[in-house]
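Shown next, in structure tokens, is the structure this report addresses.
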Amino acid sequence: MQKLKPFFIIVVTAIAIIAASVQETQACTCIPPLPPAKAFAEADAVFMGKVVSFDNAGDNIQRLAKISVTKIWKGERSAVNEILTANNSAACGYEFVVGESYVIYAYKASDRNLHTNICTRTRPARLAAEDLKYLATAASFPLAVGNAWTLQQKQTQTRYKDSVGDSLRLAGKLYFRFDHFREFNNVALRLADDGRLYMRLDTTEQVWLDFGAKPGDTWPVIAPNKLATWTVQLLSRTDTIKTPAGTFTQSLRFHFKFPGADNDWVEWYGINVGPARRLQYGIAPFEYDLHSAIINGNPLPTAVEENPRDNTVRNFTLQQNHPNPFAAGGNNATAIRFRLNAATPVQLSIYDMLGREIRTLVQHYEPAGEHVAVWDGANAAREQAPNGIYFYRLQIGKQVEVKKLVLTK
């Protein structure tokens with residue numbers, strides 16, 4: 001075998017060093033991660049589990065982490081045991097450690113697989129105290145003593161209320177008791193770590209809903225008197241529904257099918273909301289929409305609702321801000337334009353996703369005509385507001401209009 005010449009070895013080594021240097025200069029750059037509530041809302045799956053393997057995915061571009069999942073807050077149970085990430089940290093790949101437990105925020109890419117990276121809130125569970133504190137209250141059906149849901153029948157305006165009266169522990173499992181739930185009395189519900197909602201009546205329990213199912217999955221539900229059996233099917237995980245209590249995206253839609261009679265119904269559940277709509281079939285369909293709710297002490301609808309319903313003639317026109325999104329810092333700002341049909345007192349304020357007022361831009365008497373207000377991304381204390389989604393609210397007398405804007409960095 002012919003020996004390699006020293007010059008050849010030197011050239012190859014130099015090329016390798018240059019290539020490594022180029023890769024190091026192309027480091028991943030991240031903006032600060034979203035707070036837990038916003039990250040949860042935007043993620044396609046949020047769960048916790050231990051990494052059992054972490055290997056090349058076979059394309060030399062991505063790596064595959066296989067997860068032993070212990071808790072699902074959001075997402076399909078069948079999809080969360082494998083997560084893809086880029087092959088190295090320069091491409092924002094997450095460096096999982098086999099044997100470590102993580103809280104993982106995952107997102108569906110064009111290949112329909114779940115992905116994560118170092119720019120998300122994915123992190124070891126031992127470092128995720130802030131996330132776990134929020135996630136303790138996050139669910140497709142948030143169960144806590146005092147939580148209540150009032151649904152209103154669309155045609156007759158009749159209302160009914162489901163509320164959690166107290167909690168109890170049976171056979172080591174925590175249940176929440178409803179005096180009345182759907183057509184049943186004295187019902188206890190519990191939400192398991194795998195996303196299944198169990199109903200307990202007397203000494204037996206059964207799966208009522210499966211929030212970790214994938215569209216098309218089915219399971220049986222038997223009525224308490226055992227005189228009726230439904231087949232429940234998850235139809236969708238991505239519905240958007242508008243109700244008097246708010247607009248809910250990524251809602252899950254379940255169909256309760258009863259064979260041979262008009263006793264079917266469809267239910268929608270909003271993430272962190274619970275039951276948001278019910279459509280009951282029979283001689284004529286009846287639709288019940290969520291009118292109001294108390295979720296973990298917070299009322300719905302919230303203080304700020306985008307584009308609330310208003311059938312009166314408006315005395316103003318509010319335009320979408322420009323640019324949108326806009327980057328804060330330096331001389332960057334976004335312009336909010338509005339037109340008044342008559343001279344009037346005006347209040348224009350910025351709110352965050354929780355309905356908290358961040359800053360008031362206009363609060364005085366304005367003449368008729370075109371007006372423009374500018375927001376530079378700072379709060380009332382002149383501190384830079386975090387990046388994310390905000391609302392600007394224009395109030396003219398009793399008339400209000402709200403629009404959404406996005407602040408980036």
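Among the residues making up region 144-184, those that are of a type in the set (A, V, I, L, M, F, W, C) and more than 20 Å from ASN272 (Cα to Cα) are LEU168, LEU170, ALA171, PHE184.
No other residue among ARG77, ARG121, ARG112, ARG63 is more than 22 Å from the chain's Cα centre (by Cα), outside the structural domain of TYR175 (by TED's automatic domain parsing) and not small (Gly, Ala, Ser) apart from ARG63. A residue that is part of a strand (DSSP E or B) and either at pLDDT 85 or above or farther than 24 Å from GLY388 by Cα (or both) can be found somewhere in region 304-317. If VAL273 satisfies all but one of (1) closer than 20 Å to ASP289 by Cα; (2) surrounded by fewer than 17 Cβ atoms within 10 Å (Cβ to Cβ), what's the number of the condition it fails? (2) is the only condition that VAL273 fails. Criterion applied to VAL103, VAL98 was being on the phi < 0 side of the Ramachandran plot and loosely packed, with under 13 Cβ neighbours inside 10 Å, and the one residue passing it is VAL98.
In region 389-398, is there at least one residue being surrounded by 14 or more Cβ atoms within 10 Å (Cβ to Cβ) and modelled with pLDDT under 85? Yes, region 389-398 has at least one match.
Every residue, every condition in (1) at pLDDT below 80; (2) more than 23 Å from ARG237 (Cβ to Cβ); (3) among the basic types (Lys, Arg), yes or no:
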| site | (1), (2), (3) |
| --- | --- |
| PHE7 | yes, yes, no |
| ILE18 | yes, yes, no |
| THR29 | yes, yes, no |
| LYS38 | no, no, yes |
| PHE47 | no, no, no |
| ALA57 | no, yes, no |
| TYR94 | no, yes, no |
| VAL98 | no, yes, no |
| VAL103 | no, no, no |
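Those residues that are in a loop (DSSP other than H, G, I, E, B), on the phi < 0 side of the Ramachandran plot and touching a residue at least 60 places away in the same chain (Cβ under 8 Å), I need them from region 355-409; list them, please.
Step one: of region 355-409, the residues in a loop (DSSP other than H, G, I, E, B) are 355-356, 367-368, 376-377, 379-383, 385-387, 397-398, 409.
From the residues that got through so far, the ones that are on the phi < 0 side of the Ramachandran plot too are 356, 367-368, 376, 379-381, 383, 385-387, 398, 409.
PRO386, ASN387, LYS409, listed by residue number.
Flag set for ARG337, criterion: charged (D, E, K, R) and farther than 30 Å from ILE295 by Cα. The residue of region 114-143 that is farthest from PRO275 (Cα to Cα), among those that are assigned to a loop (DSSP other than H, G, I, E, B), in contact with a strand residue (DSSP E or B) (Cβ under 7 Å, 6 or more places away or on another chain) and aliphatic (A, V, I, L, M), is ALA128.
The values are calculated or read from the model by the stated rules, or taken from the named source; none is laboratory data. From a predicted model like this one, the values you see are computed outputs, not experimental measurements. Counting neighbours? That spans all protein chains shown, and the Cβs are built from the backbone with ideal geometry, glycine included.
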